[in-house]
Amino acid sequence: MTPYPRLFAPLRLGNLTLRNRVVFSAHLTNYAENGLPTEQHASYYEARARGGAGLIITEEHSTHPSDRPYEKMIAGYRPEAIEGYRRITDAVHAHGSSILAQINHNGGQGAGTYSRSPLLAPSAVADPLFREVPKAVDDADIAEILAGFALVARNCVAGGFDGVELQASQSSIVRAFLAPSTNLRTDRYGGGVANRARFLLEVLGVLRKAIGPDRVLGVRLSGYEGTRGGIELSDAVTTAQLIEADGHVDYINTTVGMATETLHLVEASMAVPTGYANFVPSAIREVIDLPVVGVGRFKTPEQAEAALEDGVCDLVGVVRGQIADPDFVNKARAGQSSQVRTCLSCNQECVGRMGLGRWLGCTENPRAGRESVPLPMPRRRGRTVVVVGGGPAGLQAAATAAQRGHAVTLFERERRLGGQILTASVVSVRRELADLVRNLESECRRSGVTIELGVGADLAIVEERAPDVVVIATGARPVRPTWAGGSERVVSVRDVLDGRVLPSGMVLVYDELGFHQGTSVAEFLADRGCAVTIATNGMVVAQDLSVTLDFEGWNRRAFEKSIVQRTDLMATSVSAGASPLVSLVHLPTGVVEEVAVDWVVFATQQEPVDELWNTLQGSSFEIFRIGDALSPRRSHAAVIEGHRAALAI
């Protein structure tokens with residue numbers, strides 16, 4: 001008996017019976033090469049099918065040569081794509097999952113960079129991100145676009161897909177017809193909701209004809225875009241009713257936000273509550289009988305089961321959760337939810353990498369994006385391995401080495417595991433970072449790693465264990481800036497978050513990192529009653545938060561907490577005393593000002609803790625240095641290097 005009876009109840013979609021209610025919804029991967037699907041696509045989706053997903057929906061397939069908003073998009077209109085489709089569908093079907101292809105034309109939410117042709121959209125309204133004015137489509141353009149949808153649908157059927165899903169949500173010409181701000185037409189496609197939905201219904205009609213009555217047809221709608229003149233929930237509810245009445249569709253998928261202006265709503269970070277988007281599928285489900293898919297940071301089987309029990313939806317989209325752990329579903333079915341590697345919603349390696357034009361990965365799962373690359377065999381099993389350092393790098397190295405048959409002992413000098421990750425997780429909007437530590441510790445203990453806490457491993461302790469291999473994961477430490485002088489009122493972010501110092505009064509956070517360190521400590525102190533100013537030498541405070549979709553949330557919270565943000569400033573000196581004066585140079589003008597504060601907290605670069613590494617040089621055992629002990633970076637680098645080191649043993 002499964003502890004999640006609703007999650008594992010079969011569901012009928014058209015002529016297709018799903019084995020459970022978990023959907024691996026469509027999301028970009030950047031795995032395409034020359035516009036075609038690859039072996040990595042097949043291996044990526046196969047891993048989630050093997051892990052038990054009931055329904056897999058691939059990333060979008062472009063329906064027209066004019067539509068190429070990013071480099072690595074699958075050109076579904078090319079006949080050569082069919083061979084790759086067949087590899088994907090065969091791999092997924094072999095493990096009992098069903099698979100649909102999402103098809104789309106991005107319309108005005110793109111750029112003519114690749115096609116060197118004008119964008120096509122319902123009206124000549126530029127997207128706020130791409131800022132390119134599209135051509136308003138005429139009847140001939142619409143006929144050509146409809147033909148493109150039909151062509152790609154036929155290719156998908158030829159490639160073995162169980163059906164297709166039309167994207168009419170985050171980034172789509174169909175979405176643009178539905179939204180009042182991007183549909184200014186006065187013909188039969190413009191005006192009220194019914195007219196704005198006309199193009200959508202026409203597309204669904206040609207798709208049904210193309211795939212025939214026996215394949216599944218779905219559509220994904222945004223229920224709330226969070227933009228001026230965007231789609232509102234009432235619009236989406238009415239549209240869903242029109243879709244059901246039209247009779248071509250087997251289910252409706254949902255989302256919130258749009259892929260440019262409000263992407264932070266589409267792929268919300270850990271600062272956003274789980275289930276934040278439940279109001280959309282819940283409202284749609286109240287007025288239609290078609291099955292409805294709900295999405296929105298479902299991290300655990302318990303959350304997915306609760307959504308079904310509460311009547312929020314009929315199927316649950318778990319994307320980042322299955323990126324982090326491809327075996328999410330199988331572990332839930334077996335009653336092993338405590339072993340699920342829960343997603344952090346950190347957005348560093350999934351959303352963040354994609355935004356930089358790289359292939360999709362995962363901070364927690366070093367195999368994500370590399371499923372098609374075979375793992376090397378261990379050089380020799382049963383080696384004795386000592387890992388020094390219990391942060392994410394050391395924990396991942398220890399877990400992977402033990403899983404590959406080695407005898408592993410991990411030393412951590414503190415009385416707790418986690419290193420800087422656990423430090424960062426004390427901030428309320430970053431608490432889910434602690435899941436990384438819990439997940440890795442759980443893997444270590446299940447794999448037989450011996451963990452010794454409160455042990456500062458030195459040369460004598462290491463040599464006493466007579467290891468074959470030593471992995472140095474000793475982390476990094478703050479470097480006191482030269483401008484700080486000898487003032488006792490200048491402390492590091494880690495001093496504050498680890499509880500060694502608790503500033504009060506007026507606090508200046510000086511940030512040279514542009515990521516979570518400065519903003520986290522600013523919020524932490526503001527929540528404790530401090531008057532906080534955060535200053536940076538950059539042009540924008542916390543500029544890298546835009547990559548992980550945390551920027552909008554940070555700015556909203558900073559305003560609510562009266563945190564002052566100042567830019568283009570370089571700290572040059574701090575006076576001694578209980579109320580230090582901080583000298584700041586305005587970089588564009590060279591103007592110097594002195595600011596009186598009670599405390600200064602610095603978020604600046606760190607240095608490796610590499611003394612043990614240097615001491616062990618020339619020893620008889622093999623040595624690896626990983627994570628911040630090698631070069632201070634972010635958590636994904638630590639996890640990846642821990643995995644790589646263990647594979648090399």
The stretch 11-355: C-alpha gyration tensor shape, a/c 1.5 cut-off, then a/b vs b/c: rounded
The distance between the Cα centres of the stretch 462-531 and the stretch 118-139, in whole Å, is 47
Fewest first, what order do Arg445, Arg333, Arg48 take by the number of other Cβ atoms within 10 Å? Arg445, Arg333, Arg48
Sorted by mean Cβ packing within 10 Å, highest first, what order do the peptides 229-239, 158-168 take? 158-168, 229-239
Packing-based ranking, highest mean first, of 60-70, 96-106 given that Cβ atoms within 10 Å are counted: 96-106, 60-70
Given Cα pairs under 8 Å that are at least 6 residues apart, what percent is the relative contact order of the chain? 11
Could you give the distance between the Cα centres of the stretch 353-422 and the stretch 209-233, to the whole Å? 40
What 222 nm value per residue comes from the helices of the chain, counting each DSSP H run with n ≥ 4 as -39,500 (n - 2.57) and dividing by all residues, nearest 500 deg cm²/dmol? -8500 deg cm²/dmol
Shape call for the stretch 366-441, from the Cα gyration tensor axes a ≥ b ≥ c (a/c under 1.5 means rounded, otherwise prolate when a/b beats b/c, else oblate), comes out oblate
Holding the Cα-Cα limit at 32 Å, pick out from Lys72/Lys299; Lys209/Lys299; Lys331/Lys561; Lys135/Lys209; Lys135/Lys299 the pairs that are longer than that. Lys209/Lys299; Lys331/Lys561; Lys135/Lys299
Using alpha-carbon pairs under 8 Å, 6+ residues apart, how would you state the relative contact order of the stretch 503-589 in percent? 26
In terms of the charge dipole of the chain, which places +1 on Lys and Arg and -1 on Asp and Glu at the beta carbon, the residue among Gly112, Leu13, Pro281 farthest towards the positive end is Leu13
Indicate, rounded to the nearest 5 percent, the antiparallel portion of the DSSP beta bridges found entirely in the chain. 20
Ordering 578-591, 290-303 by per-residue average of other C-beta atoms within 10 angstrom, highest first, gives 290-303, 578-591
Rounded if a/c under 1.5, otherwise prolate or oblate - the chain, Cα gyration tensor axes: oblate
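Bear in mind these aren't lab numbers, they're just calculated from the coordinates by the rules spelled out. On a predicted model such as this, the values are computed, not experimentally measured, just so you know. As a convention, Cβ positions derive from the backbone with ideal geometry for all residues, glycine included, and neighbour counts pool all protein chains shown.
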